[in-house]
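The values are calculated or read from the model by the stated rules, or taken from the named source; none is laboratory data. None of the values given here were measured: they were computed from a predicted structure. Virtual Cβ from ideal backbone geometry, glycine too; neighbours counted across all protein chains shown. Heavy atoms of the whole protein, side chains included, go into the accessibility calculation; ligands, DNA and RNA do not. Shrake-Rupley method; radii C 1.70, N 1.55, O 1.52, S 1.80 Å.
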Amino acid sequence: MTFRLRKQTLLLFPVLIGVMFATQRAASAPVPPNPVLYLIGTEPFQTGGKQFTRYEYDVLNKDSYPAEMFAAAPALPPCGANTKSSRTWVDIFDQRGKRLYGFCALGKPSDLSKLWFALEQGVVPPSYIYIELNDRQTNTKYKSNLADTTL
């Protein structure tokens, strides 16, 4: 082995070790689970002269999600006029996949305990709903279980 080749090898060795450890740390980061959704309750309310029922939900395993997933993400596309919407958006769907409502500015994992959608009173709710957490930075979706709309 020539001196020059030996010198290049010695210079590259620390770089390769650093890349190896960085890759190992990234690979060992826990993958967030799918959300476990459940109904907390319902609540009547009025707005615009109409009567509605709000269906309120919580995510049982919300503490399994890192805070970074809900940080403001101004580098990603905005949510309407909100240029500081979060990295992860949450959408609520009925059991057939029809979108009912969404949240684009949750600030922390504990905000997953404040999910809801509303229907005008007299409208029959879907039997079940589910949510999807869409991590827009990693392009990863986390789909929940089907949750009841009645207690």
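Roughly how many percent of the accessible protein surface of the range 28-151 is carbon and sulfur, given a 1.4 Å probe and a whole-percent answer?
Working: 3700 of 6950 Å².
Ligands and nucleic acids excluded, carbon and sulfur give 53 percent.
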Revision key, fill the gap. Listed by chain and number, the lysines with an alpha carbon less than 26 angstrom from that of K114, same-chain partners under 8 positions apart left out, are K50, K62, K84, K98, K141, K143
Study note, to complete from the structure: Non-local residues with an amide H under 5 Å from the amide H of L100, with H modelled 1.01 Å from N and Pro and chain starts lacking one, are I92, F93, D94
Check your understanding: Of S144, S127, which has the most accessible area and how do the rest follow, probe 1.4 Å?
Key -> S127, S144
Review point. When ligands, DNA and RNA are left out and all protein chains stay put, how many square angstrom of accessible area per residue does the range 41-149 have with a 1.4 Å probe?
Key: 54 Å²
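What dipole magnitude, in Debye to the nearest 20, does the range 52-136 give about its Cα centre under +1 on Lys/Arg Cβ and -1 on Asp/Glu Cβ?
The dipole magnitude comes to about 180 debye.
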Check your understanding: For the range 130-139, in order, what is each residue's ³J(HN,Hα) by Karplus, 6.51 cos²θ - 1.76 cosθ + 1.60 with θ = phi - 60°, in whole Hz (x at glycine and Pro)?
Key -> 9, 10, 10, 8, 10, 7, 6, 6, 9, 6
